[in-house]
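Have a look at the structure below before the remarks.
The values are calculated or read from the model by the stated rules, or taken from the named source; none is laboratory data. Keep in mind the model is a prediction, meaning the values are calculated, not measured. Glycine also receives a Cβ, built like all others from the backbone with ideal geometry; neighbour counts cover every protein chain displayed. The accessibility values were calculated without ligands, DNA or RNA, using every heavy atom of the protein model including side chains. Shrake-Rupley method; radii C 1.70, N 1.55, O 1.52, S 1.80 Å.
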Amino acid sequence: MKVTVLEPYGYCAGVELAINLAIKTKEENSSKNVVVLGMLVHNHDSLKTLEKHGIKTIFKDNSSLDELIDEIKEPSIVILTAHGHSKAIENRLLEKGHQIVDATCPFVKKSMEEISSELSNKNLVFYIGVKNHPEANAALSLGDKVYLIDFKNPVIPEIKSDSPMVISQTTLSQSEINNALNLIKTKYKNAKFVKGICNASTLRQNAILNLDNSVDMVYVVGGSNSNNSKTLYNLAKTKYPKIRVELIQNADDIKEKDLIGLSHIAISSGASTPKEVIEQIKNKLLN
């Protein structure tokens, strides 16, 4: 069997910065309680790495960051995730006596700065994203003139502007946002479109779109909460309807019966999937 690992793989620059920052913070404050508010990155294997360094993740499904703050019972160093956050979260943490370490991805920060700049110029912003995703919530927190356009079910609001700025969540694909973009163009012909999809996401998506025609199965490796991994999965399912595509978290998810009769497997991975997880999957498939 042939196994092809699509590049790039392993952590993107933003995830690597966040993980390294968290570990460095704990190493420099070994006697203090160091926690992450929310999931630092959306990958459970990556979170296990943090646990090994004594860093606790404060997270519950369907709980807001504001609610999660109440789970921190002692003054702590609180690391804020790669996806961004609101100023109100920072203020509440400081009021409770915590220290803050900001691990927001530089590309996400750039998107937030673009939105803030537009708002300061009294313009309105359409943000194409995933409802209740932490990055989308961070964007919406910047002001009441930021409107979320859910890429799955885009509804374009009527606003008093003929040239809103349009930007998307960094983890989406161009095909995912095209429907919303076309609807916006129909209603607002002078809308200004700003690149939102990050380079790491684009490169991984392009690798999926240019598979060798001998591939007969694709494993997309990523966390269950990872939007960029789900995007890769959906892209592969749409582009290659006749081949099998599976979204898995690690080598434990591989089923031997699924490999019968296969000759060429491609492995794609989300931006927060550790490189060693990909190597383990490759080795399992080849042995």
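Values as computed for the structure displayed
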| item | result |
| --- | --- |
| Of residues in the stretch 1-24 being modelled with pLDDT of 95 or more and part of a loop (DSSP other than H, G, I, E, B), the one surrounded by the fewest Cβ atoms within 10 Å (Cβ to Cβ) | Glu7 |
| Residues located in the stretch 125-167, provided they are aromatic (Phe, Trp, Tyr) and either in contact with a Leu (Cβ under 6 Å, 6 or more places away or on another chain) or closer than 29 Å to Lys60 by Cβ (or both) | Tyr127, Tyr147, Phe151 |
| Qualifying residue in the stretch 63-74 (condition: under 18 Å from His133 (Cα atoms) and loosely packed, with under 13 Cβ neighbours inside 10 Å) | yes |
| Yes/no for Ser214 being modelled with pLDDT under 95, part of a loop (DSSP other than H, G, I, E, B) and not acidic (Asp, Glu) | no |
| Options Ala207, Ala191, Ala180: the member that is in contact with a Pro (Cβ under 9 Å, 6 or more places away or on another chain), without any contact (Cβ under 8 Å) to a residue 60 or more places away in the chain, among the aliphatic types (A, V, I, L, M) and surrounded by 14 or more Cβ atoms within 10 Å (Cβ to Cβ) | Ala180 |
| Flag for Asn283 being free of Cβ contacts under 8 Å to residues at least 40 places away in the same chain, assigned to a loop (DSSP other than H, G, I, E, B) and either farther than 28 Å from Lys110 by Cβ or open to solvent by 20 Å² or more (accessible area, probe 1.4 Å) (or both) | no |
| Members of the stretch 44-62 found to be open to solvent by less than 70 Å² (accessible area, probe 1.4 Å), in contact with a strand residue (DSSP E or B) (Cβ under 9 Å, 6 or more places away or on another chain) and on the phi < 0 side of the Ramachandran plot, listed by number | Leu47, Leu50, Ile55, Thr57, Ile58 |
| Candidates Lys110, Lys122 - the one that is without any contact (Cβ under 8 Å) to a residue 12 or more places away in the chain, among the charged types (D, E, K, R) and assigned to a helix (DSSP H, G or I) | Lys110 |
| Candidates Lys257, Lys242, Lys275, Lys237 - the one that is out of contact with any helix residue (DSSP H, G or I) (no Cβ under 7 Å at 6 or more places or on another chain) and in contact (Cβ under 8 Å) with a residue 12 or more places away in the chain | Lys275 |
| Residues (under 22 Å from Ser46 (Cβ atoms) and without any contact (Cβ under 8 Å) to a residue 60 or more places away in the chain) located in the stretch 80-103 | Leu80, His83, Gly84, His85, Ile89, Ile100, Asp102 |
| Any chance Leu259 is of a type in the set (A, V, I, L, M), modelled with pLDDT under 95, surrounded by fewer than 21 Cβ atoms within 10 Å (Cβ to Cβ) and in contact with a strand residue (DSSP E or B) (Cβ under 9 Å, 6 or more places away or on another chain) | yes |
| Those residues of the stretch 120-176 which are open to solvent by less than 10 Å² (accessible area, probe 1.4 Å) and of a type in the set (A, V, I, L, M, F, W, C), in sequence order | Val125, Phe126, Ile128, Ala136, Ala138, Ala139, Ile149, Met165, Val166, Ile167, Leu172 |
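Per-residue answers, yes or no, for (1) in contact with a strand residue (DSSP E or B) (Cβ under 8 Å, 6 or more places away or on another chain); (2) touching a residue at least 12 places away in the same chain (Cβ under 8 Å); (3) of a type outside the set (A, V, I, L, M):
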residue	(1), (2), (3)
Ala136	yes, yes, no
Asp144	no, no, yes
Ile156	yes, yes, no
Ser175	no, yes, yes
Val215	yes, yes, no
